[in-house]
Amino acid sequence: PEGLIVAPSLLAADFARIGEQAREVERDADWLHVDVMDYHFVPNLTLGLPVVRSLLPATTLPLDCHLMIADPRRWAVDYAEAGATNVSFHAEACDDPVALAKDLRAAGARAGLAIDRDTPVEPYLPLLENFDTLLIMTIKAGFGGQEFLPHLLDKVRTARRHAKAGHLKLRIEVDGGIADDTIAAAAEAGADAFVAGTAVFGADDPAEAVRRLRRTAQG
Ligand code: DX5
Ligand code: ZN
């Protein structure tokens, strides 16, 4: 879809009823963000393919799978083949991101490159023409509920400038600490897709939280 994307992160949902929580935001959200963690790339464990497979028929929302896993070349294509719309993997965990992007696209998904807090964006700029999404962490990957790090928006600015100059059709997605008081700055920096976990599923009314985030991002 054109315009801004709001992607609630299920990491902040109640895992005993994720289908229900997905339906709560179905009408207002654009993507459903699914954080896959493996205890290796990050010191946390969430869910994997079996849960993604169960979730797919339980929601009309496109799944935005964010793989925080070691060795994405071994696993990422499985998520594409299962039916995930977007599959993002971390640059820090992959020695040939372009090859994996091509494999993901061949499997019918949109390819996303994710960069963690301490990874500069500049080395990856020449690769971006092979990707649909650049996911820029605005925290250190691994846990929800952390404080937004505003200096990381410099990476968003750099990437947006590069994408504009090269006429790339690139989504720039920010992930971590996105809430009512941070989303406008991220949008101003050039992000056009916004992941929000705590701000959505920590709210009394997740659907209203999504609508409010969108309004605030639109300015
Ligand atoms: C953390 C995940 C995020 C997480 C963000 O590594 O990638 O998607 O859910 O959570 P909040 O929005 O609470 O910072
Ligand atoms: Zn994420």
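Throughout, read-outs are computed from the coordinates displayed, never taken from laboratory work. This is a predicted model, so every value here is computed, not measured. Virtual Cβ from ideal backbone geometry, glycine too; neighbours counted across all protein chains shown.
Laid out as a table, the results:
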quantity: Kirkwood hydrodynamic radius of the chain, from inverse mean 1/r over distinct Cα pairs, in Å; calculated: 16.9
quantity: Set of lysines near K140 by C-alpha distance (under 22 Å), chain-local residues within fewer than 8 positions excluded; calculated: K155
quantity: Over the chain, relative contact order from alpha-carbon pairs under 8 Å, at least 6 apart, %; calculated: 22
quantity: Sequence-distant residues sharing a close amide H with F41 (under 5 Å, placed H); calculated: A70
quantity: q = 0.25 Å⁻¹, region 1-40: log10 I(q)/I(0) [Debye, one scatterer per Cα]; calculated: -0.86
quantity: The chain - share of DSSP beta bridges that are antiparallel (%, nearest 5); calculated: 5
quantity: Phi to ³J(HN,Hα) by Karplus 6.51 cos²θ - 1.76 cosθ + 1.60 over region 122-131, Hz, x for Gly, Pro; calculated: 3, x, 9, 4, x, 8, 5, 5, 8, 10
quantity: Point-to-point label distance, Q218-L49, nm (Cα→Cβ direction, 7 Å offset); calculated: 4.0
quantity: Charge tally in the Cβ shell below 9 Å around R171, where Lys, Arg are +1 and Asp, Glu are -1, R171 excluded; calculated: -1
quantity: Within-14-Å neighbourhood charge of L49 [Cβ basis; K, R +1; D, E -1]; calculated: -2
quantity: Residues I183, I139 arranged by fewest to most Cβ contacts within 10 Å; calculated: I139, I183
quantity: Pairwise centroid distance, computed over Cα atoms, of region 69-119 with region 5-66, Å; calculated: 17
quantity: Amide hydrogen neighbours beyond the local backbone of I5, cut-off 5 Å, H modeled; calculated: A193, F194
quantity: Helix-only mean residue ellipticity at 222 nm for the chain, each DSSP H run of n ≥ 4 adding -39500 (n - 2.57), per residue, nearest 500; calculated: -9500 deg cm²/dmol
